[in-house]
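Comments concern the structure below.
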């Protein structure tokens, strides 16, 4: 009887471990959301895609904030609009450069220019 209890306990433990592992594996295959992402730029080269580092997801709708919007055109970018339908190789674009995230031979994301002429929202002019 004691060995049966041990056997059942071991089966339950394995089932719990497999259940949690399945959720972790599923997280890796979750497609990141397309939309507007924060970016940080190099002040001396703000339009250099290789130096624009993607931050967190902001929204599916275009930013219309006082300090970041679609109206400014000659100022440094503050957000990028990414189409991540075909994105692969990472769970999220955060931490990647815009150049890497949109390169078809690496992560295969794309700049989405449906809401702005260049795919960017820019800082408000001072």
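The values are calculated or read from the model by the stated rules, or taken from the named source; none is laboratory data. The structure displayed is predicted, hence computed values, not measured ones. Using ideal geometry, Cβ is built from the backbone for each residue, glycine included, and neighbour counts are taken over all protein chains shown.
Are any residues in segment 42-75 in a loop (DSSP other than H, G, I, E, B) and under 14 Å from residue 99 (Cβ atoms), and if so, which ones?
In the first step, residues of segment 42-75 are kept if they are in a loop (DSSP other than H, G, I, E, B); the result is 42-48, 52, 60-63, 65-67, 70-75.
Listed by number, the residues that qualify are 42, 45, 46, 47, 48, 52.
If you take the residues in segment 107-126 that are within 17 Å of residue 48 (Cβ to Cβ) and in a loop (DSSP other than H, G, I, E, B), which one is nearest to the chain's Cα centre (by Cα)?
Ranking the candidates gives 119 first.
For segment 83-98, how many residues are without any contact (Cβ under 8 Å) to a residue 60 or more places away in the chain and exposed (fewer than 14 other Cβ atoms within 10 Å of the Cβ)?
5
Provide a single number: the residues in segment 76-94 that are in contact with a strand residue (DSSP E or B) (Cβ under 7 Å, 6 or more places away or on another chain) and either within 19 Å of residue 123 (Cα to Cα) or in a loop (DSSP other than H, G, I, E, B) (or both).
Going residue by residue through segment 76-94, those that are in contact with a strand residue (DSSP E or B) (Cβ under 7 Å, 6 or more places away or on another chain) are 76-83, 93-94.
Retained after the next criterion (residues that are either within 19 Å of residue 123 (Cα to Cα) or in a loop (DSSP other than H, G, I, E, B) (or both)): 76-82, 93-94.
So the count comes out to 9.
Considering only segment 56-63, I want to know if a residue exists there that is assigned by TED's automatic domain parsing to the domain that holds residue 99, at pLDDT 90 or above and more than 18 Å from the chain's Cα centre (by Cα).
Within segment 56-63 (the criterion being assigned by TED's automatic domain parsing to the domain that holds residue 99, at pLDDT 90 or above and more than 18 Å from the chain's Cα centre (by Cα)), the answer is no, since none of the residues qualifies.
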